[in-house]
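Q: Below is the structure I would like to discuss, written out as structure tokens.
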Amino acid sequence: MGENAKSVLVVAAHPDDCDVGVGGSAARWAAEGSAVYLLVATNGNKGSGDAAMTSDVLAPTRDKEQRAAARFMGIREVVIRQTGDGELEDNAELRRDIVRCIRRFRPDRVVTHNPYRWQHRDHRVTGQVTLDAVYPYARDRLHYPELQDEGLTPHKVAEVYLFGGFSKDPEGDVEVDISGFLEAKLQALTCHTTQFGEPEAARKRWTTRWEQRLKENDGRLFEYFKRVEYPV
Ligand SMILES: [Zn+2]
């Protein structure tokens, strides 16, 4: 499959996960002609340390932040599920909602959290259920017949890119050079003021964090993935 997928679906647990893990790659793929879509599995309604913040205010705020950020990454459409932050389960409902997006957006490449690495429970659940949704549930017509009533037919995904974890994945085998898309990633990240604070301060923090890595890599920055290939 390589770099030029016609259609890419990112499945992330929370509003901002795509931007942090895949933001530069999404912007690059979109600029190179891929149709990029985003499904967010929860509304992110617990992600705040602000004593005055409530879940009722946080969920719609993060919805707006994610949709604004998606524009900077060139993402064509964002679907945000209303399951609460930290409440994801490996169940038929989540699996069906992911299958629905796969059958609707018909991606060659699905990008999601690596469920086999040490990270947030919602990330692990999202990654695992997405892998199951890709194969066999989206592929086989007798799963979720109600989706056929919506006009959605089975779809085979060619490859999955897994991202994330608290350290660099020793098994990671794809690196996407995002050096030309750092501004797009920054613009996306700084939309998430509930997560990273005021945009200017956030921009400075991210830039400082990247400077060292740019220095070590001859001025280049990468996002890393573990690739899983499926027979189509
Ligand atoms: Zn997350």
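Q: Being within 18 Å of Tyr230 (Cα to Cα), modelled with pLDDT of 95 or more and outside any strand (DSSP E or B) is the filter; apply it to the range 141-163 and report the residue that is nearest to the ligand (Cβ to nearest atom).
A: Val157
Q: Search the range 82-97 for residues that are modelled with pLDDT of 95 or more and pair each with any residue that is exposed (fewer than 13 other Cβ atoms within 10 Å of the Cβ) when their beta-carbon atoms are under 9 Å apart and the residues are at least 6 apart or on different chains.
A: That search, which allows pairs on different chains as well, returns Thr83/Glu89; Thr83/Glu93; Gly86/Arg121; Leu88/Arg121; Arg96/Glu146.
Yes/no per residue for (1) surrounded by 12 or more Cβ atoms within 10 Å (Cβ to Cβ); (2) within 21 Å of Gly74 (Cα to Cα); (3) of a type in the set (Lys, Arg):
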{"position": "His143", "(1), (2), (3)": "yes, no, no"}
{"position": "Gln148", "(1), (2), (3)": "yes, no, no"}
{"position": "Gly172", "(1), (2), (3)": "yes, no, no"}
{"position": "Ala184", "(1), (2), (3)": "yes, yes, no"}
{"position": "Asp218", "(1), (2), (3)": "no, no, no"}
{"position": "Phe222", "(1), (2), (3)": "yes, yes, no"}
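Q: Search the range 26-53 for residues being in contact with a helix residue (DSSP H, G or I) (Cβ under 8 Å, 6 or more places away or on another chain) and among the small types (Gly, Ala, Ser), and hand back the single one that is farthest from Glu159 (Cα to Cα).
A: Filtering the range 26-53 for residues that are in contact with a helix residue (DSSP H, G or I) (Cβ under 8 Å, 6 or more places away or on another chain) and among the small types (Gly, Ala, Ser), the one farthest from Glu159 (Cα to Cα) comes out as Ser48.
Q: Would you confirm whether or not the range 99-107 contains a residue that is over 15 Å from Gln128 (Cα atoms), within 14 Å of the ligand (Cβ to nearest atom) and surrounded by fewer than 23 Cβ atoms within 10 Å (Cβ to Cβ)?
A: Scanning the range 99-107, I find no residue that is over 15 Å from Gln128 (Cα atoms), within 14 Å of the ligand (Cβ to nearest atom) and surrounded by fewer than 23 Cβ atoms within 10 Å (Cβ to Cβ), so the answer is no.
Q: A follow-up question, please. Would you be able to say whether some residue in the range 1-8 is within 16 Å of the ligand (Cβ to nearest atom) and in contact with an Asp or Glu (Cβ under 8 Å, 6 or more places away or on another chain)?
A: no
Q: Only one of Leu182, Leu142, Leu131 is touching a strand residue (DSSP E or B) at 6+ places or on another chain (Cβ under 8 Å) and not charged (D, E, K, R); which?
A: Result: Leu131 is the single residue among Leu182, Leu142, Leu131 that is touching a strand residue (DSSP E or B) at 6+ places or on another chain (Cβ under 8 Å) and not charged (D, E, K, R).
Q: Would you confirm, using the coordinates I've provided, whether Glu211 is of a type in the set (Asp, Glu) and at pLDDT 95 or above?
A: no
Q: Those residues that are away from the ligand (no atom under 16 Å from the Cβ) and surrounded by fewer than 21 Cβ atoms within 10 Å (Cβ to Cβ), I need them from the range 108-130; list them, please.
A: Once the filter is applied, which keeps residues that are away from the ligand (no atom under 16 Å from the Cβ) and surrounded by fewer than 21 Cβ atoms within 10 Å (Cβ to Cβ), the range 108-130 yields Asp108, Tyr116.
Q: Of all residues in the range 5-43, how many are within 16 Å of Glu87 (Cβ to Cβ), touching a Leu at 6+ places or on another chain (Cβ under 7 Å) and of a type outside the set (A, V, I, L, M, F, W, C)?
A: 1
Q: Limited to the range 186-216, what total is found for residues that are part of a loop (DSSP other than H, G, I, E, B) and exposed (fewer than 14 other Cβ atoms within 10 Å of the Cβ)?
A: Qualifying residue count for the region: 2.
Q: Inspect the range 50-60 for any residue being under 19 Å from Ala202 (Cβ atoms), surrounded by fewer than 19 Cβ atoms within 10 Å (Cβ to Cβ) and more than 16 Å from the ligand (Cβ to nearest atom) and give the result as yes or no.
A: Yes; the residues of the range 50-60 include at least one that is under 19 Å from Ala202 (Cβ atoms), surrounded by fewer than 19 Cβ atoms within 10 Å (Cβ to Cβ) and more than 16 Å from the ligand (Cβ to nearest atom).
Q: For the range 21-49, give me each residue that is farther than 18 Å from Val160 by Cα and either in contact with a Gly (Cβ under 9 Å, 6 or more places away or on another chain) or within 15 Å of the ligand (Cβ to nearest atom) (or both).
A: Ala31, Thr42, Asn43, Gly44, Asn45, Lys46, Gly47, Ser48, Gly49 - these are the residues of the range 21-49 that are farther than 18 Å from Val160 by Cα and either in contact with a Gly (Cβ under 9 Å, 6 or more places away or on another chain) or within 15 Å of the ligand (Cβ to nearest atom) (or both).
Q: Kindly indicate whether Arg67 is in contact with a strand residue (DSSP E or B) (Cβ under 6 Å, 6 or more places away or on another chain), within 21 Å of Ala184 (Cα to Cα) and without any contact (Cβ under 8 Å) to a residue 40 or more places away in the chain.
A: yes
The values are calculated or read from the model by the stated rules, or taken from the named source; none is laboratory data. It should be emphasised that the depicted structure is a prediction, and the values quoted were computed from it without experimental measurement. Neighbour counts run over all protein chains shown; Cβ positions are idealised from the backbone, glycine included.
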